[in-house]
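These notes are about the structure you will find just below.
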């Protein structure tokens, strides 16, 4: 019995810069693939998509090698008149190991590129420190020139110094993630080596912007949190807390990103602010309560009204004994 020709030809496209697998259907294109063949096809296409995501334009040679390897496994298991599905699956397992090995190479390359950018990062940090010291020394002069208080100018300088320290934390936190979190790379987690598909520079800039926004929220006490016994909102008093802010942004980036976006959501604004009535301020109900309890509503001498003699309504007795007496 001849096996149906499901795919006449399976190729990697485009030649020389392979980034996808092309399946040219054969004579059985009008027939549905058996479940086991369809599952294998889905696994191959998903693996090719993940390879494109992790290796993209930064690593075209590695991407082409892996796409070609996946194409070979597809040809063995699905292509031609005599596809061999078990052998194709075995080839696919080998390709999975190759993908993990290539991912290790990417991790090393990203760490090397990060270290290459360390001098430029250091220059930016030194520039922020220089502005900090300059503002501290001439805060009074600048304040007189721009009509601000010396304390506000000094606080701005301290904020820049703390942010410079946050950049230290961002850089070393990113290195820690590169070394630590990705130390055991497998086919199941290899796409995590590139967060949001960012290159090294874009990733560092993203973390730096996140740290800046977090420090603004901490300064205005929109968010308040700390680590251990320290409160990170106090970075103006202790600028070295900026290092911890940067480390937290790099190591716990998903949590910090969620915290920032949640607290910048207008829907979470306090109801009292939206209505324009501060909480605790007496409104109409409070006025009504005050009017109902005013001395004018009660007869002088503490005697009850004539049309409601005491003893007729037990609820009024309870109200008179439990409510405070107005002097």
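What to note about this one:
- Residue 64 being part of a helix (DSSP H, G or I) and closer than 27 Å to residue 246 by Cα: no
- Options 125, 131; residue that is part of a helix (DSSP H, G or I) and at pLDDT below 90: 131
A quick yes/no check of all residues on (1) on the phi > 0 side of the Ramachandran plot; (2) out of contact with any strand residue (DSSP E or B) (no Cβ under 7 Å at 6 or more places or on another chain); (3) surrounded by fewer than 19 Cβ atoms within 10 Å (Cβ to Cβ); (4) not in a helix (DSSP H, G or I):
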site: 82; (1), (2), (3), (4): no, yes, yes, yes
site: 87; (1), (2), (3), (4): no, yes, yes, no
site: 94; (1), (2), (3), (4): no, yes, yes, no
site: 112; (1), (2), (3), (4): no, yes, yes, no
site: 170; (1), (2), (3), (4): no, yes, no, no
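- Taking the stretch 26-37 as the range and being surrounded by 13 or more Cβ atoms within 10 Å (Cβ to Cβ) and either at pLDDT 80 or above or under 22 Å from residue 104 (Cα atoms) (or both) as the test, the residues that pass are 33, 37.
- Yes/no for residue 153 being crowded, with 16+ Cβ neighbours inside 10 Å and within 30 Å of residue 114 (Cβ to Cβ): no
- From the options 145, 100, residue that is assigned to a helix (DSSP H, G or I) and in the same structural domain as residue 209 (by TED's automatic domain parsing): 145
- Scope the stretch 192-211; condition in contact (Cβ under 8 Å) with a residue 40 or more places away in the chain and surrounded by 17 or more Cβ atoms within 10 Å (Cβ to Cβ); matching residues: 193, 194, 200, 204, 207, 208, 210, 211
- Options 58, 45, 9; residue that is under 37 Å from the mean Cα position of the chain (by Cα) and outside any helix (DSSP H, G or I): 58
- Of the criteria (1) more than 22 Å from residue 188 (Cα to Cα); (2) assigned to a helix (DSSP H, G or I), which one residue 106 fails: (1)
The values are calculated or read from the model by the stated rules, or taken from the named source; none is laboratory data. Since the model is a prediction, treat every value here as computed from it, not as a measurement. Cβ atoms come from the backbone with ideal geometry, glycine included; neighbour counts cover every protein chain shown.
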